[in-house]
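Okay, structure first, notes after.
The values are calculated or read from the model by the stated rules, or taken from the named source; none is laboratory data. Note that the structure is predicted; figures quoted are calculated from it, not measured. Don't worry about glycine lacking a Cβ; one is built from the backbone with ideal geometry, like all the others, and counts go over all protein chains shown. Please note that ligands, DNA and RNA were not included when accessible areas were found on the heavy atoms of the full protein model with its side chains. Shrake-Rupley method; radii C 1.70, N 1.55, O 1.52, S 1.80 Å.
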Amino acid sequence: MDAWSENIQKHLWFCNSCGNEVCTTIWSSYHPLLMDEMKEIAGCKFFSLTETPEDYTIIVDEEGFKELPESEHLSVAEATWLALNVVSGGGSATNSQPIGVTKIAKSVIAPLADHNISVFMLSTYQTDFILVRERDLPMVMHTLSSEFTLLRVINGETVAANSLGVTNGFVKPKLVPRPIIHPLSSPSNMFCVTSLDPDTLPSVATLLMDVMFYSGGMKEPGASSEDSGHIRFFSFSLIEGYISLVMDEQTTPRFPNNVLFTSASGELWKMVRIGGQPLGFDECGIVAQISEPLATADIPAYYISTFKFDHALVPEENIQSVIGALRTNESAGQ
């Protein structure tokens, strides 16, 4: 049986900024912490920063949240979130094989949507994190306990999770069709999903700062989400010592040779952006609307939610069939 691993000791905050100067301050504060040899023992262990045409989305744990600078340009979502991920074989996330967002679409994401639990996704080079509100954890555990072994990670040790006292009282939801109700667009970019050795981070920290904050100019809060041309998108995550990067293929040549990890096939990815206006945090089922058709078609995907929009990355050769499948579901919702 697959194991449901819960990092429930990690309280996460979603933050948003349209100001480059705020994010450069954040990076300047964090990257010495992230490069510290003791990062596995103390300091920020969950840090993710994603750039979109509209703004930057920052996800940090409790330690990292304390380091955020005060600024009128920085918005913080009200709720605290927990990072969950599915691992195979009943082990911890660090020594098990990643499952993939489409592989858990029907067993995890869809049931949570059926119970009106809002989720955010953060796919990385190593695994897929499902973010849920802390207050929804009892319902999450109730929903998934019949299919998965529930685990929690405490001080690096994986132990069985209790049920939080929840054994009954929840009504089984009535399953309904899940058509796509938000506009879709596909930029012309091709993207790479990659990683690098944490030991090389000091040598490329300045380059990362330039790529993220100085190459694209200031953010425009009203930037169009329907632009089907080339867009700015870059995602950096350092979680429990593992680095993940998503970048335009045109950005990769800026990095020194042999620094970035790539697959043997050199696979490239195309993006589907979800949303015509900011999606917010309360709507349920958006990830399920996208991931279920991809799961049915057996198409792998990375999925990255941000403060305002969602982004699915699929293999370049599958983009036309993906768009066709999603457009069919989109029409069903109109």
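Quick notes on this one:
- Of all residues in region 307-323, those that are closer than 27 Å to Ser48 by Cα have Cβ atoms under 7 Å from Cβ atoms of residues that are acidic (Asp, Glu), 6 or more apart or on another chain, in Phe307/Asp55; Lys308/Glu54; Lys308/Asp55; Pro315/Glu267.
- Flag for Ala79 being modelled with pLDDT under 85, touching a Lys or Arg at 6+ places or on another chain (Cβ under 7 Å) and surrounded by fewer than 18 Cβ atoms within 10 Å (Cβ to Cβ): yes
- Of all residues in region 42-70, those satisfying the criterion of being acidic (Asp, Glu), surrounded by fewer than 21 Cβ atoms within 10 Å (Cβ to Cβ) and not in a loop (DSSP other than H, G, I, E, B) are Glu62, Glu63.
So that you can scan it fast, the table gives a plain yes or no per residue for (1) modelled with pLDDT under 60; (2) in contact with a Gly (Cβ under 6 Å, 6 or more places away or on another chain):
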residue	(1), (2)
Pro32	yes, no
Lys66	no, no
Leu74	no, no
Ser96	yes, yes
Gly100	no, no
Ser107	no, no
Asp114	no, no
Val119	no, no
Val132	no, no
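- Some residue of region 172-193 being in contact with a His (Cβ under 7 Å, 6 or more places away or on another chain), open to solvent by 60 Å² or more (accessible area, probe 1.4 Å) and either in a strand (DSSP E or B) or at pLDDT 70 or above (or both): yes
- Among all residues of region 269-278, there is none that is at pLDDT below 90, surrounded by 22 or more Cβ atoms within 10 Å (Cβ to Cβ) and assigned to a loop (DSSP other than H, G, I, E, B).
- Each residue in region 283-327 was checked for being within 9 Å of Thr102 (Cα to Cα), under 14 Å from the mean Cα position of the chain (by Cα) and surrounded by fewer than 22 Cβ atoms within 10 Å (Cβ to Cβ), and 0 pass.
- Residue match in region 254-262 (condition: modelled with pLDDT of 85 or more, of a type in the set (Lys, Arg) and open to solvent by 40 Å² or more (accessible area, probe 1.4 Å)): yes
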